[in-house]
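Everything below concerns the one structure shown next.
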Amino acid sequence: MAYDASDDPRQLFGRPTPRIDGVAKVTGAARYASDEPVANPAYAYLVTSAVARGRVAGFDLDQARAAPGFIDVLTHENVGGQVKTNPDPAGKPDNTTTLESDKIWHDGQIIAVVLAESFEAARDAAHRVGVRYAAEAPSASFDSPGVQVEAHKPQTPDAKKGDAAGAFEGAPVKVEARYSTPTQHHNPIELFTTTCVWDGPKLTIYEPTQSMWGLKGGLAKQLSLDPKDVRTVSRFVGGAFGSKGSPTGRTAWIALAAKRLNRPVKLIASRDQGFTIATYRAETRQQVKLGATRDGKLVSFFHEGWEVTSRPSGYNVAGVETTARMYACPNIATAVNVVHADRNTPGFMRAPPETPYMFGLESAMDELAYALNMDPVELRRVNDTQTDPVDGRPFSSRSLMPCFDQAAARFGWSRRDPKPGAMRDGDWQVGWGCATACYPSNIGPAAARLSLTPSGKAAIQLAGHEIGTGAYTTVAVTVAHALGLKVEDVTVTMGDSDLPPVPVAGGSNNAASTTNVAYKACQMVRDRVAGAAVKAQDSPFHGADPAALRLQDGLLRGPGNLSEPLDKAVARTGGRLEVYAENIPAGLPPSAAQGLYEGKMVMSRGTGRKDVTAFAFGAHFVEMRVHVRTREARVGRVVSAFAAGTIVNPTTAHSQFMSGAIWGLSAALHEATEIDADAARYVNDNLADYLLPVNADVPPIEIIMVPEKDDRVNPLGVKGIGEIGITGMNAAVANAVFHATGKRIRDLPIRVEHLL
Ligand code: MOS
């Protein structure tokens, strides 16, 4: 390679790289949290409430105590009060899954923890625990008597501009419709596990988590420990999707159990328990009103949502913050309401706000296109904007229409006959639909330790999270390319809170946060090597400008085609070459650094910046086929295009985009947690009855990565890609179903009975 003096680090990226941890994963060498060997563990099994509302009147424990292998049982009667309430990320009390009192907030709440000599013995003893309930009739969801509805408490004021009601009234073309999305559960293949080990005052927690330092800080608070005494370890996470982002109630109880027994304790919760001891995507209802001129320009946008949450928590996702920013519009009004029911507290699930709320917006946009007799792609073009319609800030970059145009061309959209039901293939009605995808580009403060040896081996340590996204590889390619090494010369250590903190692996911030701090560390290493070289008599760079020197191709290189071997250049820095980098993204307050070390969820949000609004954008095109007699709906093909700034590793990026698109198909056609309205209980709480797409449900999916250089989102131009793929896909499917059949389905998932 020729010497490259470019200071644009974005040119370092874009080379397809297989996962560096791929072999470890497929051979079983990768250690997931519950694989960590601990000496002589006792096993925990959870007893969960069989009623959704009321109190525990008492326990009958004799039979459990008599079970073979029984050791101990924890309930609110013997250990309640030893754990502080479980703080949710926003600091609100969220104690619906703890054992602190006899209060039952929801079905499946943890009410006792049984400890025994083996998993089987603990399960057996747990099944022998008798519980007497003082039960009350629960409220399950939206239409249940007894739910409490209130306006949500937004982090930033709800988007409002102009006179949306007046403009809607006067608009020549209008669409007004209600939509709904169902309850969904993450069902990561790796179950919710916790293993706790005490060594004197020091507690080690092996638990799959998306937030090593968040779990550490959260547990220290719950157990009144010095955070220095709490260590969390999770080298690999077997799927999370948001469900392992915030501390849940179980961890403190396992820590407490290990303390009481003076012995490691291991919990592996069952699949059905995972539905109620962790979080889920709450069901939503939405109303959308769009008013437009006859040439398709939006004049009024109104979006209101209702979301279910637990009794004590105000958790909500409020996707109107995103939908209000999608298209140019002078008059905007939005609102969100929370509906408190006797349910466990919901939480993040892949694109928490955008997955449900973009369904409402992008369905309504399709309805508007039909009302206008306008092509739906052209409707997006007419309303495209480079300025945030709510705040008036520029988008850091916005390549929505290039995504639509490239995907449309590839899909063959120009051959579409817009008339519903017009396209037919034998016994199948064929429909083509499209929708916008988007996700805000977030970045958090992060730290990393990086070393480089004279033999050209780099090692980087950070408490990052591999939740299946390829995070080890993302960091490895950054270091390799920035230091001019091969990827295999870089060792990445993550998944341990003893390492420098990085933010929660959520909100699609991971790639931006970790690559930017890793790059910063590489620059510090480069500065040390270059600084030593220009001072050295024996270097070809003696007296040169250190800023002009680069680590490339295993050499220290500079202008004039001069170079010197890495071993000489590194050895000259003296001792061990190691740096500690901290990256606090521009615009965050100085307190962000402290928050990082306290495990707080501090982030520069794509919608919350002063300088720009930052989103990644995309476009989905879907062919749906609906059988004329059986009404079976099948996906024919998919083309999705995304522009997400610098693509760090196209190999793993492709997987993220494609898996998101598949989940979007699932959200449209398969997935829903069914709720027993009388018992406020999840019915299909297993992988047999919780419908997911299998390979035969998923057609060829073509992913287009539209090149995009973003100068403003962050120094490396990296936008998040983990969540955008799922967004809008549910609407693209529903829009294609409408085109195929003439039936507008506004309630997900779309099922045979809706198409009769
Ligand atoms: Mo993701 S739902 O932000 O963990």
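Key figures
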| read-out | value |
| --- | --- |
| Cross-link reach list, aspartates and glutamates versus residue 535, counting only Cα pairs under 15 Å and skipping chain neighbours closer than eight places | 527, 545, 564 |
| Rg/Rh ratio calculated on Cα atoms of the stretch 118-222 (Kirkwood radius) | 1.14 |
| Mean accessible surface per residue for the chain, computed with a 1.4 Å probe while every protein chain stays in place, in Å² | 36 |
| Over 24 Å between alpha carbons, listed pairs 221/266; 103/228; 244/486; 228/600 | 103/228; 244/486 |
| Potential extension, residue 689-residue 165 segment - 0.36 nm per residue separation minus Cα distance | 184.3 nm |
| By average C-beta atoms within 10 angstrom, highest first, the peptides 177-190, 299-312 | 299-312, 177-190 |
| Those aspartates and glutamates that a straight Cα-Cα span of less than 12 Å connects to residue 419, excepting residues fewer than 8 apart in one chain | 375 |
| Shape metrics for the stretch 538-601, restricted to C-alpha atoms - Rg then Dmax, Å | 17.8, 49 |
| The chain, helix-only ellipticity at 222 nm - DSSP H runs n ≥ 4, -39,500 (n - 2.57), divided by all residues, nearest 500 | -7500 deg cm²/dmol |
| Sequence ranges 138-144, 410-416, ranked by mean other-Cβ count within 10 angstrom, highest first | 138-144, 410-416 |
| Measure of compaction for the chain (Cα Rg per 2.2 N^0.38 Å) | 0.99 |
| Using a Förster distance of 41 Å, the FRET efficiency for residue 562-residue 651 (Cβ separation, nearest 0.05) | 0.75 |
| Among 226-237, 730-741, 562-573, 617-628, the order from most to least packed when residues are scored by Cβ within 10 Å on average | 730-741, 617-628, 226-237, 562-573 |
| Accessible surface of the stretch 632-756, 1.4 Å probe, proportion on carbon and sulfur as whole % | 54 |
| Those lysines that a straight Cα-Cα span of less than 24 Å connects to residue 161, excepting residues fewer than 8 apart in one chain | 153, 174, 289, 297, 610 |
| Anisotropy class of the stretch 661-756 from Cα gyration tensor, a/c 1.5 cut | prolate |
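The values are calculated or read from the model by the stated rules, or taken from the named source; none is laboratory data. What you are looking at is a predicted structure, and each value in this text was computed from that prediction instead of being measured. Glycine also receives a Cβ, built like all others from the backbone with ideal geometry; neighbour counts cover every protein chain displayed. Remember, those area values only see protein heavy atoms, side chains included, never the ligands or the DNA or RNA. Shrake-Rupley method; radii C 1.70, N 1.55, O 1.52, S 1.80 Å.
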